[in-house]
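Engineer: Dropping the structure in here first, questions after.
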Amino acid sequence: MRLGILKEPEGENRVAIVPNSVKKLKKNGFKVYVESGAGILSNYSDELYSNQGAIVSKREDVLSCELLITIRLLKKIELRKGMMLACVADPFRQPEMIQVCMDLGVTLFSMDMIPRRLSRAQSMDVNSSQDNLAGYKAVLLGASYVPKGIPMMTTSAGTIRPAKVVIMGSGVAGLQAIATAKRLGAIVYASDVRKSAAEQIESVGGRFIEVDGMDDFEDESGYAKPLTPEFIQKVNSTVCQVAADADIIVTTARIFGRPAPITVPKSAISTFKSGAVVVDMNADVGGNCELTIPGKIITSDNGVIIVGTSNLPGTVANSASMLYSNNLTNFIISIFENGKIQLSEDDDILVGAPEGSDFYISGMGGVLICNNGQIHPKQSKLGGLIK
């Protein structure tokens, strides 16, 4: 089977498959085609792909492959009838494009819906691999903009106190952010709405910010559930009070398929000290900070720097591409047998294990969304968005 790797659209520095994965794919029966220049922005040259046995070609040739592996969903004009595509489709935010895929009979593997709690799926979990790097980079961005040193320094001219860092949320990205800030020498505080988070936060060197009345707001897939407006206000107030004298605040709250919740309202920014830096990890989906401008770095009236850099994994493209490539290679090989992609309703990676989940697989029109729900051939949560 011919497998194609395309150059991503402008603004995306990552590449879906790196040269080291080509050899493994070829060994498992794939003939790998790569668009010329696909890996340049992540420091993987055409020569590196050729050395591993890939065929470097024009985009038109690569688009004709039976299976395409990308990061972003293709443009409408590039989708074709009966093709197979594995990518981060973000279906709840792009229902119109999912409808196009359904109409064309595209077999679409939406990697952002892989069931993260299944042990067999962990090596295929693109959300975790990319969020991990995003959390790391968020702290580095904060450190680069804050006008002071991070670790404690004792010098003949005086002692510099360690920076105070507050991480709002402790999922994969949050835990890496906590660990990174701790390694830099900061005093780190962190919050979350999941009961299990306190022990995890402390295990990587953070201090847990407890909110009165906290319950376990975690769904079957490991994501945070939507919160009531009252509890959101309570969490915001408690954590923002702790953050009032912080040097760096990193926001990580993300609800799958929904806009990012506001965890740092405009009123809280006015209480933060001048020179503090807010790094909003969810600028691309609305932002956790009310003042965030996606893709921009701004300064509030009282001197707080708000970093709205989008696509943080793309800022460490070499490492992010390598991890994404491993995720996709593991996934594709797991469903490839006898020269064909094998789709089975008994495969818990495709169907998902937890019952009662909000997510689904849709077999309508030949579209397959890989997630952690049940098979609903005619009705699904996403199906309700598609006319």
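Engineer: Can you list residues whose amide H is under 5 Å from V34's amide H, if they're 5+ apart or on another chain and H is modeled 1.01 Å from N?
Structural biologist: Correct list: I5, I55, V56, S57.
Engineer: Using the Cα centre of region 135-310 as the reference point, and only Cβ charges (+1 on K/R, -1 on D/E), how large is the resulting charge dipole? Debye, rounded to the nearest 20.
Structural biologist: Charge dipole of region 135-310: 640 debye, to the nearest 20.
Engineer: Cα axis of helix 95-104 to longest principal axis of the chain: angle in degrees, 0 to 90, nearest 10?
Structural biologist: Result, in degrees: 10.
Engineer: If you don't mind, there's one more thing I want to ask. What is the dipole size for the chain, taken about its Cα centre, with +1 at each Lys and Arg Cβ and -1 at each Asp and Glu Cβ, in debye to the nearest 20?
Structural biologist: That gives a dipole near 820 debye.
Engineer: Per residue of the chain, what 222 nm ellipticity follows from adding -39500 (n - 2.57) for every DSSP H run with n ≥ 4, rounded to the nearest 500?
Structural biologist: -8500 deg cm²/dmol
Engineer: Sorting check: for 314-321, 337-344, 1-8, 56-63, which peptide has the highest mean count of neighbouring beta carbons within 10 Å, and how do the rest follow?
Structural biologist: Packing order, densest peptide first, comes out as 1-8, 314-321, 56-63, 337-344.
Engineer: Could you tell me which of the pairs K7/K148; K24/K58; K148/K296; K31/K137; K23/K137; K27/K137 are separated by over 28 angstrom between their Cα atoms in the structure shown?
Structural biologist: K7/K148; K31/K137; K23/K137; K27/K137
Engineer: Can you give me the three principal axis dimensions of the chain from its C-alpha atoms, in Å, biggest first?
Structural biologist: Each principal axis gives a Cα extent; for the chain these are 66, 47, 35 Å.
Engineer: Please name which of I71, Q99, M168 has its Cα lying farthest along the dipole of the chain towards the positive end, using unit charges on Cβ (Lys, Arg +1; Asp, Glu -1) and the Cα centre as origin.
Structural biologist: Ranked along the dipole, the leading option is I71.
Engineer: A further question follows. Provide the per-residue ³J(HN,Hα) series for region 161-178, in order, calculated from phi with Karplus coefficients 6.51, -1.76, 1.60 and θ = phi - 60°, each as a whole number of Hz, with x at glycine and proline positions.
Structural biologist: Going residue by residue, I get 6, x, 5, 9, 10, 10, 10, 9, x, 9, x, 4, 5, x, 5, 5, 4, 4 Hz, with x marking Gly and Pro.
Engineer: Now a separate question. How much length, in nm to one decimal, is gained on full extension between D61 and E199, taken as 0.36 nm per residue of separation minus their Cα-Cα distance?
Structural biologist: 44.6 nm
Engineer: Let me ask you something else. Can you tell me which of 295-307, 181-193 comes out highest on packing, and rank the rest after it, using the mean Cβ neighbours within 10 Å?
Structural biologist: Taking the mean over residues of other Cβ atoms within 10 Å, the ranking is 181-193, 295-307.
Engineer: Between beta-carbons, use under 15 Å as the cut-off and find the net charge around I209, counting Lys and Arg +1, Asp and Glu -1.
Structural biologist: Net charge around I209: -1.
Engineer: Rounded if a/c is under 1.5, else prolate if a/b beats b/c, else oblate: with a ≥ b ≥ c from the C-alpha gyration tensor eigenvalues square-rooted, which is region 272-316?
Structural biologist: Judged from the Cα gyration tensor, region 272-316 comes out prolate (a/c at least 1.5, a/b above b/c).
Engineer: Long-range amide H contacts for I297: which residues qualify at under 5 Å (H placed 1.01 Å from N, peptide plane, sequence gap of 5 or more or a different chain)?
Structural biologist: The answer is G308.
Engineer: Under a straight-distance cross-link criterion of Cα-Cα below 19 Å, which lysines are reachable from K195, leaving out those fewer than 8 residues away in the same chain?
Structural biologist: Here the lysines satisfying the reach criterion relative to K195 are K225, K234.
Engineer: What whole number of Å gives the distance from the Cα centroid of region 1-69 to the Cα centroid of region 261-319?
Structural biologist: Measuring centre to centre over Cα atoms gives 34 Å.
Engineer: Here is a follow-up. Between R183 and N51, what FRET efficiency follows from the Cβ-Cβ distance if R0 is 51 Å, with the result rounded to 0.05?
Structural biologist: FRET efficiency, R183 to N51: 0.90.
Engineer: From the P(r) of region 135-310, can you give the percent of Cα pairs sitting at distances over 30 Å?
Structural biologist: Within region 135-310, distances greater than 30 Å cover 11 percent of Cα pairs.
Engineer: Which residues' amide hydrogens lie under 5 Å from the amide hydrogen of I71, considering only partners 5 or more residues apart or on another chain, with H built in the peptide plane?
Structural biologist: Under 5 Å from the amide H of I71: A16.
Read the figures in this text as sums done on the coordinates, not as results from a lab. Small disclaimer: the values here were computed from a predicted structure and weren't measured. Every residue, glycine as well, gets a Cβ built from its backbone with ideal geometry; the counts of neighbours run over all protein chains shown.
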